[in-house]
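The values are calculated or read from the model by the stated rules, or taken from the named source; none is laboratory data. Remember, predicted model here, so these are calculated numbers, not experimental data. No Cβ is skipped: glycine too gets one built from the backbone with ideal geometry, and neighbour counts run over all protein chains shown. Protein only, heavy atoms only, side chains kept; ligands, DNA and RNA dropped before computing areas. Shrake-Rupley method; radii C 1.70, N 1.55, O 1.52, S 1.80 Å.
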Amino acid sequence: MSISGKIVEIFEKNDLKRGYVTKQVQDKVHYITEHGRQAKGNLKQVVVTYSRAATEKTFADVSRALDVEIEAALSEVDLDLIWEFASEEERAYQVPELAELLFGEIADPQVGALWRALLLDTCYFKRKLAEFVPRPAEQVEELRHSVQRKIEKEEERTRLRALFTRLHSASAPVDREEFDDADHQALDHVHAFLYRKQDSEPIRLIEELRGAHLAREASVPVLRAAGRIAWDLDPFLALGGVETEFATLALQHAEQLQPVGPEDGRLDMTQALTLSVDDAETREVDDAFTFERIDGGTRVGVHIADVSVICLRGDPLDEEARRRGVTVYLPTGNVTMLPERVGCDVSSLIDGRPRAAVGLLMDLDDQGVVTAAKFAPTLINVDHKLTYDQVDAWLNPESAAESASEEAVSEVPLPEANLLEAIRELHAFSASLSQSRTDRGALVLDRREMTIKVKDGEVDLVLRDTGSAAHVLVRELMIVYNERGAQLALEEGLPIIFRGQDPPDQPWPSDDGQGYSPAAADAIFRTMKPSRLSLEVRPHSSLGLEAYTQLTSPLRRYADLTLQRQLSAHLRGETPPHDAQALMEVMVFADEIGRERAGLERESKRYWSLEYLAKHFRDQPLEASVVREDRGDFLVELVELTLRGSLSGVDGLTPGERVQVMITEVTPRSGRLRFRVA
């Protein structure tokens, strides 16, 4: 029988295609698709032939009417019931047979509807060409559960999308009573993503909603509105996964600790003149210095807080410190590596309290040359807590009248041991150490460093000279401590991690002796090679040293605490807690966290410095120094604020040239800063 002039369903590529047959030649059919295209097929592919009369002109209208009938029939299709009837016989069925089982007397639209339902079915029937075989009961049950799980999963995804969208746009915290158990579980996943970098299905939903590259940023308002993080928490802390609350076990352990007193093997130096030099607000005091007169010269002591005697490997405090890695310093505040009880009290070298330390004691002759040096566990008592500003004013009295810290200096009385003389001799010794390193090829770049503090949304910016006398004093004594620690480890076979730096492929660019120059500093930094951790000693080119490690910040860096444990155990005659390989694993982990946190600090500092710039200097001409040409523009550094940005629309500038600029764009969130010539 010819089907010319009929509307048919053609089964092709696992789908139904409707057409109007214009011609049939034996087992070949020519038809017009619903989109008006000419097509050809095999008669065997025709699975439904509709009895509705139609012409080429009426095909579209009749097809739409058929769709209405098919949709109505689809609502009556019950595959579960059909399967129950059909499964009584283990054989293949044609679709009209199955339609008859369900509908009794059947019409063409019902057959078309059942075809559509069967092609979408994943539970009840298995297709063999144009026939369908009922699946076994146990397989149907399993597939039903699978389909139900998919439905429930999609319903849950829809619900979570709504939850995340609501929380992301919330202008105030949402009442926690509004969340059910599933909500809390999803929020747990978001918290784990932000603070543990753990991926999960809820995170993929956030990525779908906000974009994969913005998933972390989008998670912050979600957790904030849900009350999982403080509403006023610095977003940079959340984005960096920095937890502000300590684990309960760590806090409980910290509260039980007491400062270390005099003990066997610990050198009591509490009677020596002892001073610390830090910023005024510093509470984690890692280092302090002793100064004593001895026969034939002086004894200088560099003392680092002995955290290893308080924070033991594997205890709750250690686990917390290892997880955190470092103290985080942001303009809005600091998050310490150790609980305040330890980092700012029990182990901190605070003034007026005996505290355990690991000291480097150096005997100097009358010329300031080191004649003997040794490490020893010490007990010290800081009797002079000084600031950089105070020490700078004392070492440079001619500028004291202009110093903002003159009043602070006048409040520090000179002690009987002659504090001023001690500071001057410590500085002279430090200056000689700096000169010695410079003679050995060390790179010394003294630039102003920006310190930013934010309180109640107000930004306070202070520029400090990192090459000032006070900074040189502290810097050089820290460097010599680390250098001597590396030398001890090398000489006595102590497993330790050295930090080295290969020399540049070309000699350091010259700074022309003109002091800090942004262009010269940039040229130098671009030739620098990264420092590297190693189990074997290697020179550190920019420090001008043959051996170097880092031991001087155990309150603030877990890597330093780990190495301090090695040194302290050795000084006590005990086996160090880590062999070389285990030590490297700890150090690599700690170093990675340290780099992440340093990046976070740079981003936050950049953000708030641009906020400050936008508020105070948006419409003012500013003096900038050209650093270098950069992708068609010029990279420039503001002379007063040390901020860098791109200068556009000008040619012919040379590195080091000064130019007046105006801000054309300042976007704190992206860190973008652009200028034009004023």
Restricting to region 424-450, and then to whatever is touching a Phe, Trp or Tyr at 6+ places or on another chain (Cβ under 9 Å) and of a type in the set (Asp, Glu), can you tell me which residue is surrounded by the fewest Cβ atoms within 10 Å (Cβ to Cβ)?
ASP446
Going by the structure shown, is GLU71 under 23 Å from LYS17 (Cβ atoms) and open to solvent by 60 Å² or more (accessible area, probe 1.4 Å)?
yes
Quick one: LEU494 ticks every box in (1) part of a helix (DSSP H, G or I); (2) at pLDDT 95 or above bar one, so which box is it?
(1)
Among GLU97, GLU76, which is more than 56 Å from the chain's Cα centre (by Cα) and among the acidic types (Asp, Glu)?
GLU97
Checking the conditions here, which among GLN185, GLN256, GLN252 is out of contact with any Lys or Arg (no Cβ under 6 Å at 6 or more places or on another chain) and within 30 Å of GLY573 (Cβ to Cβ)?
GLN256
Name every residue in region 123-157 that is β-branched (Val, Ile, Thr) and surrounded by 11 or more Cβ atoms within 10 Å (Cβ to Cβ), in order of residue number.
VAL133, VAL140, VAL147
When region 105-116 is examined, which residues are found to be out of contact with any helix residue (DSSP H, G or I) (no Cβ under 6 Å at 6 or more places or on another chain) and either open to solvent by less than 60 Å² (accessible area, probe 1.4 Å) or touching a residue at least 60 places away in the same chain (Cβ under 8 Å) (or both)?
ALA107, ASP108, ARG116
So which pairs qualify, if the first residue must be in region 28-47 and over 23 Å from GLU131 (Cα atoms), the second must be part of a strand (DSSP E or B) and aromatic (Phe, Trp, Tyr), the Cβ gap must be under 6 Å, and the two must be at least 6 apart or on different chains?
TYR31/TYR20; ILE32/TYR20; ALA39/TYR31
Only one of VAL626, VAL659, VAL586 is touching a residue at least 60 places away in the same chain (Cβ under 8 Å), of a type in the set (A, V, I, L, M, F, W, C) and part of a strand (DSSP E or B), namely VAL626
Residues in region 210-242 that are in contact (Cβ under 8 Å) with a residue 40 or more places away in the chain, assigned to a helix (DSSP H, G or I) and open to solvent by 70 Å² or more (accessible area, probe 1.4 Å): how many?
1
Considering only residues that are open to solvent by less than 10 Å² (accessible area, probe 1.4 Å) and acidic (Asp, Glu), which ones fall in region 546-568?
ASP560
Quick one: which residue in ARG565, ARG538 is under 18 Å from MET587 (Cβ atoms) and either not basic (Lys, Arg) or not in a helix (DSSP H, G or I) (or both)?
ARG538
Going through (1) assigned to a helix (DSSP H, G or I); (2) on the phi > 0 side of the Ramachandran plot one by one, THR642 fails only at (1)
Based on what the data block shows, is LEU420 surrounded by fewer than 15 Cβ atoms within 10 Å (Cβ to Cβ), modelled with pLDDT under 90 and within 25 Å of THR282 (Cα to Cα)?
no
Could you list all residues from region 243-269 that are buried (at least 17 other Cβ atoms within 10 Å of the Cβ), part of a loop (DSSP other than H, G, I, E, B), in contact with a Leu (Cβ under 7 Å, 6 or more places away or on another chain) and of a type outside the set (D, E, K, R)?
MET269
Taking the stated definitions as given, is LEU160 modelled with pLDDT under 95 and touching a Lys or Arg at 6+ places or on another chain (Cβ under 9 Å)?
no
Does GLY301 meet the test of being at positive phi and either at pLDDT 95 or above or touching a helix residue (DSSP H, G or I) at 6+ places or on another chain (Cβ under 7 Å) (or both)?
no
Quick check on region 290-305. Is at least one of its residues more than 27 Å from the chain's Cα centre (by Cα), charged (D, E, K, R), surrounded by fewer than 16 Cβ atoms within 10 Å (Cβ to Cβ) and not in a loop (DSSP other than H, G, I, E, B)?
yes
Close pairs (9 angstrom Cβ cut-off, 6 or more residues apart or separate chains): without any contact (Cβ under 8 Å) to a residue 40 or more places away in the chain in region 244-261, part of a loop (DSSP other than H, G, I, E, B) and hydrophobic (A, V, I, L, M, F, W, C) anywhere:
none
For region 328-372, which residues satisfy the criterion of being in contact (Cβ under 8 Å) with a residue 40 or more places away in the chain, in contact with an Asp or Glu (Cβ under 7 Å, 6 or more places away or on another chain) and open to solvent by 40 Å² or more (accessible area, probe 1.4 Å)?
TYR329, THR332, ARG341, ASP351, THR371
